[in-house]
1. Could you work out how much longer the chain between Gln468 and Thr119 gets when fully extended? Use 0.36 nm per residue separation minus the Cα distance between them, nm to one decimal.
2. With no solvent and one point on each alpha carbon, what is the Debye value of log10 I(q)/I(0) for the stretch 479-601 at q = 0.10 Å⁻¹?
3. Would you mind counting up the charge near Arg232? Only other residues with Cβ under 15 Å from its Cβ, with Lys and Arg at +1 and Asp and Glu at -1.
4. Roughly speaking, to the nearest percent, how much of the chain's 1.4 Å accessible area is carbon and sulfur?
5. If each of Asn362 and Val377 carries a label point 7 Å out from its Cα toward its Cβ, how far apart are those two points in nm?
6. Provide the solvent-accessible area of Ile139, counting protein heavy atoms only and rolling a 1.4 Å probe, rounded to the nearest 10 Å².
7. Applying the Karplus parametrisation 6.51 cos²θ - 1.76 cosθ + 1.60 with θ = phi - 60° to the phi angles of the stretch 235-246, what ³J(HN,Hα) value in whole Hz is obtained for each residue in order, glycine and proline being reported as x?
8. Can you pull the one-decimal nm distance between simple spin-label points at Asp322 and Arg387, each 7 Å off the Cα toward Cβ?
Amino acid sequence: MADRAPRALARAVALLAVLVLATACSGIPTDTRVRSSGEERGAGQEQPFVHQQAPGPEPGLTPLDVVARFLAASSGFDEDFATARRFLTQNARQRWQPTAGILVYEGRATFPAQPTSSTQTMTTSVVGRIDADGRYRPIPRTEIQVTFQLVDAAAPTPGSSDDGAADDGAADDGAGDDSADGQDAQWQLDAVDASGTAGGYTSLGQGLLLSRAAVERAMLALPVWFADPSGRALVPDQVYLPKGDDEVPAALTRRLLAGPGPGLQGAVETAIPSGTRLVDARVVSGEAFVELAGPVTRLPAERRQLALAQLGRSLAAVPGVDGPVQVTLGTETFDATGADNAFDPLQETLVPGPNVLVIDRNGKLQTFNPGDAQLGVMPGALGAFARPLRHPARSLPATPQRIAALSDGERGLQVQEPDGTLHRVHLARTGPLAPPAFDAHGNVWTVDRATGDVLVTASGEDAAAPVQVPTALLEGYRPWQVEPAHDGARVVLVLRSTRQPADDRVVVAAVLPPAGGTGYRLGGAVLPLQGSWQQVHDLDWRSPTSLAMLVVDGDNSRALFLTPGTVGVATGPTVTSGVDEITAPPTRTGGTLLVASSSGRPAVFALDESDGLSNALQRGLRDPAYAG
């Protein structure tokens, strides 16, 4: 007995390290045994998924040991949480609903109580929640205390029916055979409760508690695809599903049939009618097979093609799919492979050439070829504009060609129409306008930085109109920059604090189309982005699902790459101080990112996501802009 306390404390220290580190990587202590594996070959899945079995109950575990192992086993989706359930009392197993949602925590988790205490309290920071439908919602970082109540199943109280005997093999673990050494306790969890209601987590019956890294290790973030109201562009909606699960194709299809999540409500539609039923969904030899029944079998040809595009693009990202997507609707089978191409405003790759707009040292608008760093003459009224211009923008290739730029000390928004006519669609009274950007419909967006008004000039219009922004977003903040997604159904909005010290929030909001005579509105369940920054220099959509940003992080300027709707932390290289502009090519498969320094000695650089900046492609240039 003399050395039992030091041994327990040492074991507790080791398990606490596991809790934040190994638990974060599926929570596995050093005696983990690999039980099975399955290869995943979906998009972005470079490594095979390997199931790692967390250790179960065994003799001599302290209450703290049990809590640590329970948390480590809580990411066992592919075994239906069998190991985690073995740490629970019979009553707790009946209450537990691990699929009710996930509370995501990050950072150090501390346990101030003695390892042998039957009440263990964990203090940690919650950063988000994955709802039962698989959609991740970030929440402001909140410190919570989670209390774990344990009972000794080897010493039941008189009249207790919850003695833990013969529950999922718990009685076979050998606990209680070492009573002479004081190690006969068999601790089991009976209740888990969190102080407050962060993320909606309150008790053991309401889901899982996982670290951010454990979610990334054990789950897949996959987009399901809907359509913008015009039916011209597909729009992603990220959902989380367990890795290593044969039911991923069926689960993803069910998410699609259920319709868009709260972040896209009112901004997208689906061609798959309500009442459609899933008959089967599976992956065989790299091909995806889906069978649906109900109203979807009676769609007219045009709507059917959109439905096939939604199904084809959604299922093509399932791990293991590297061939066709076959969709059976009733008695007919269709090949949905490539059906999404007709509903995409983006090119697969960018055609080499002078596809970037820049402003030279004299304020003139020119074209720029990133491949050979050569300049070209910009035709039209803006190319011949007499006064200095800043921040050009060009509509996507799939829409009639409109060109925009700022004039009058960045207070005026000039738009050159497809027929060559030029309109000054807005003149700010005092402050500058944010760099303009185009959406999939040829609408040009900007922000009046003095008033905080978000403005849009619709295709064919010669005046900018204000966009309604939810008042809840504006408490203590003012819109600073807006960047519409290429699909036209979403925007990313930079909000600058009106208080000191100033800081920037970044959110993604749905674009609600005009209705009842009103203009555009931002709505849906606004999705905040998480990352380390004080201010945002510039940002652009890197792909339909990801963003590239230039930010100020402490004393450094940094490029960040992140995917809205996922738990992943924004990462990227440090860049030279003064580099404050970024533009991404409008493609589905990436391409050369360009950044620039707009003040001091202007220059344009290529940016590699891993290696950072290239040597200057061309000096004396600023404001590079691909289409979009």
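The values are calculated or read from the model by the stated rules, or taken from the named source; none is laboratory data. These numbers come from a predicted model, not from an experiment. Glycine gets a Cβ as well: all are built from the backbone with ideal geometry, and neighbour counts include every protein chain shown. Areas reflect the complete protein model, heavy atoms only, side chains present, ligands, DNA and RNA absent. Shrake-Rupley method; radii C 1.70, N 1.55, O 1.52, S 1.80 Å.
1. Working: separation 349, 0.36 × 349 = 125.64 nm, distance 5.03 nm.
Full extension from Gln468 to Thr119 adds 120.6 nm.
2. Results for the stretch 479-601 at q = 0.10 Å⁻¹ read -0.32.
3. Details: positive: Arg303, Arg313, Arg490; negative: Asp228, Glu269, Glu302, Asp340, Asp344, Asp439, Asp487.
Net charge in that neighbourhood comes out at -4.
4. Values: 12330 of 25420 Å².
Carbon plus sulfur share of accessible area: 49 percent.
5. Going from the Asn362 label point to the Val377 one covers 1.3 nm.
6. 40 Å²
7. Those phi angles translate into 10, x, 9, 6, 9, 9, 9, x, 6, x, 10, 5 Hz.
8. 5.8 nm
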